[in-house]
Every structure is written in C-alpha cells, then in structure tokens.
Amino acid sequence: MKRIQIINGPNLNLLGKREPTVYGNQTFEAYFQELKTLFPDAQLEYFQSNTEGILIDKLQETGFSFDGIILNGGAYTHTSIAIADAIRSITTPVVEVHISNVFQREDYRHHSYLSEVCKGCIVGFGLDSYRLAVEAILHF
Ligand code: DQA
C-alpha cells in the first residue's frame, strides 16, 4: 500500500471560509474524507501548519519513508527558499499542488521556488488538484 502525505501550508486551514470564490466552500477535512474513500488502497495522511519551520519539520519527518508527498505551500510557495531546500534534501518525490490557477492571478503568484525541486505540479483544478496528485503518485 502506497503511503502518501498531504501537507498544506498557511491559511489552508481556512478552506471553506476563506475567499470561497477562489477556493470553494468545502473544508479540507470534509474533502479529505472523500479522498480517502476514493483511494481505499492508499494510505493517505493529512497535515496542515501556518508555520514555515513546522512545514519543513514535516517534510523531513515524512520525506524518507513515504512514497509521495503532496504539498500546497500556500503563499510560502512564492517566498520560501527554506522549503525548497527541504524538498531538495529528502528522497520522497513531492508533487506541488495549488487549488487556484496561480497563473491567472497576481504576478507575484506566478513564480514558485518549489516547482523546480518538485517532481511535478498540478495547478488550478480546485480541490480536485489533490485527487490528480494522488493519481500521479500512484502511477510513479
Ligand atoms: C494557493 C495559491 C497561493 O498563491 C496562495 O497564497 C494560497 C493558496 C492555492 O492553492 O491556490 O494560499 O496555494
């Protein structure tokens, strides 16, 4: 059974309440239950933090034993060399996901420090971006 860790960064704990026109109405906790039902043969784990160092700790903790990591770094995507270095340092492949299509949004969201060190990126499909990322990891 493949082990997959989902890591969500800052403000993603507010999904369902936060800018629903951009991020939708569903909480991640509710979506995560659906995801687990869709993939009964995978072991899915979910973690969220608003703090950069705690996200790095989670990448280091899971990044040598899990089969794949799905990372939505939130705004740290556009700022964090430290998270990029953590991804470089681990052996588990990381899939970068974004709920919104960051390329349709402000210029400062067009650059990601994470993309170049991730296995691939899934951007703009709403919460379905996470399902697509699980599919990708299951096909590694
Ligand atoms: C996001 C896009 C980021 O630019 C933003 O800062 C987020 C969410 C997304 O999933 O669309 O917090 O990562």
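The values are calculated or read from the model by the stated rules, or taken from the named source; none is laboratory data. Just so we're clear, the structure is a prediction, and the values are computed from it rather than from any experiment. Cβ atoms come from the backbone with ideal geometry, glycine included; neighbour counts cover every protein chain shown. Quick note on the areas: whole protein, heavy atoms, side chains included, nothing else; ligands and nucleic acids left out. Shrake-Rupley method; radii C 1.70, N 1.55, O 1.52, S 1.80 Å.
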Once exposed loop trypsin sites (Lys or Arg not before Pro) are cut out (DSSP; at most 13 other Cβ, 10 Å), longest piece of the chain: 19-104
DSSP-loop chymotrypsin sites (Phe, Trp or Tyr not before Pro) across region 40-102, with at most 14 other Cβ within 10 angstrom: F64
Qualifying GluC sites (Glu not before Pro) in region 22-108, DSSP loop, other Cβ atoms within 10 Å at most 12: E106
1.4 Å probe accessible area per residue over region 1-116, in Å²: 50
Helix-only mean residue ellipticity at 222 nm for the chain, each DSSP H run of n ≥ 4 adding -39500 (n - 2.57), per residue, nearest 500: -9500 deg cm²/dmol
Most mobile listed residue (T77, T21, T62) in the chain, GNM with C-alpha springs under 10 Å: T21
Members of K36/K119; K2/K119; K17/K58 lying beyond 21 Å, as alpha-carbon distances in this model show: K36/K119; K17/K58
For the chain, alpha-carbon Rg and Dmax in angstrom: 13.8, 40
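Which percent of the accessible heavy-atom area of the chain goes to carbon and sulfur, probe 1.4 angstrom?
Using a 1.4 Å probe with all protein chains present, the chain comes out at 51 percent carbon and sulfur.
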